[in-house]
1. For region 22-180, give the percent of accessible area contributed by carbon and sulfur heavy atoms, probe 1.4 Å, rounded to a whole number.
2. Could you tell me what a quarter of the Cα convex hull surface of region 109-187 works out to, in nm² with one decimal place?
3. Beyond 21 Å, what share of the Cα-Cα pairs of region 132-258 is found? Please give it as a whole percent.
4. Kindly report the accessible area of region 89-177 per residue (heavy atoms of protein chains, probe 1.4 Å, no ligands, DNA or RNA), in Å².
5. So which of LYS98/LYS164; LYS51/LYS259; LYS64/LYS133; LYS91/LYS136; LYS51/LYS91 end up more than 21 Å apart, counting from Cα to Cα?
6. Highest mean first, what order results for 27-36, 73-82 on Cβ atoms within 10 Å?
7. Summing Lys, Arg as +1 and Asp, Glu as -1, what charge do residues with Cβ under 9 Å from the Cβ of PRO138 carry, PRO138 excluded?
8. If amide H atoms are built 1.01 Å from N in the plane of the peptide, which residues on other chains or at least 5 residues away come under 5 Å of the amide H of ALA163?
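The values are calculated or read from the model by the stated rules, or taken from the named source; none is laboratory data. Everything numeric here is computed off the predicted structure, so don't read it as measured data. Cβ: placed from backbone, ideal geometry, glycine included. Neighbour counts: every protein chain shown. The area values use the complete protein model at the heavy-atom level, side chains included, leaving out ligands, DNA and RNA. Shrake-Rupley method; radii C 1.70, N 1.55, O 1.52, S 1.80 Å.
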Amino acid sequence: MSSTTQLLSLCLASALFLTGCASSEQLTPSQSKMAQTPITAQPSGEVLPGKFIWHDLLTPDPEKAGQFYQALFGWHIEHHPDYTLVRNGDKLIAGIVKAESSNQQAKGGLWLPTVSVADVDATASLVTANGGKILKGPLDMSKRGRALLIRDAQNADLLVIAAKGGAPADVDAAIGDWLWDELWSKDPAAIESFYAAVLGYDQVLDSDNYSVLLRDEQWRAGIRRVRDEIEHLLWVPVVRVADTLATTQRVTELGGTVKVNAGEVPGNPHIALIADPVGTLLLIQRWSPAIAKEEL
């Protein structure tokens with residue numbers, strides 16, 4: 001299956017993940033379990049608009065995926081019938097849900113990020129006004145908050161949420177934490193304007209192939225220019241690791257695939273693109289404040 005077809009099937013899977021029956025506002029068992037899981041046990045009381053605050057793995061094989069990530073990152077995987085929880089140390093960082101596209105040839109999985117907003121209903125209006133689509137919601141999700149699944153103007157899917165109690169506070173990512181999220185785009189300038197309007201990013205730092213979105217002087221997300229032949233685009237999260245090369249070697253040992261190795265990404269020798277055993281894409285990166293200063 002081509003990468004284009006695979007990415008399209010992942011898009012379908014993400015829609016199925018939260019939409020269920022398009023005409024119904026009732027939650028599926030997986031959605032109900034999600035609704036009972038707060039974004040954080042220590043909410044900041046602040047919204048922090050534009051901050052990426054959660055990630056859900058949509059995969060045809062939650063058990064296999066959980067085993068891989070536990071061995072690779074040391075994550076603790078807590079399996080439940082409808083929604084698996086993921087912790088880095090004692091911190092809840094993600095969920096895993098079984099999700100399959102109706103396309104019988106579809107393979108792989110998808111990491112679907114969640115971003116913080118102040119007003120989900122107002123965000124829904126901004127999405128449609130700027131060329132995006134509403135896939136599901138807005139809907140209330142009990143302990144989690146009020147949520148909305150959107151598709152941006154270039155067909156990348158994203159969850160937005162007004163998290164109950166506020167977003168997690170800004171802290172430096174620990175090893176095994178989410179470090180960053182980046183959007184793959186063929187036209188970064190066009191999609192920058194979409195996210196500036198919808199999520200309120202108020203500054204963009206541009207380079208030849210990469211842009212950084214800021215809100216209130218905080219770096220919040222990146223946009224990477226990708227090849228023209230990729231028709232469907234997506235958000236890809238980044239996990240902080242202690243040693244990128246050593247981690248990629250472990251990926252192969254555990255049955256995953258290294259798509260782009262450390263040193264092969266122009267301008268960043270510390271980042272690599274991997275895929276888990278069912279094909280889910282994820283970036284890993286060695287990072288420290290000292291490294292960040294060197295790259296500025």
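1. Here carbon and sulfur together make up 48 percent of the probe-accessible area.
2. 6.6
3. So the portion of pairs separated by more than 21 Å is 52 percent.
4. Working: 3620 Å² over 89 residues.
Result: 41 Å² per residue.
5. Details: LYS98/LYS164 25 Å; LYS51/LYS259 27 Å; LYS64/LYS133 32 Å; LYS91/LYS136 28 Å; LYS51/LYS91 17 Å.
Exceeds cut-off: LYS98/LYS164; LYS51/LYS259; LYS64/LYS133; LYS91/LYS136.
6. Top of the packing list down: 27-36, 73-82.
7. Local charge sum for PRO138: 0.
8. Under 5 Å from the amide H of ALA163: VAL117.
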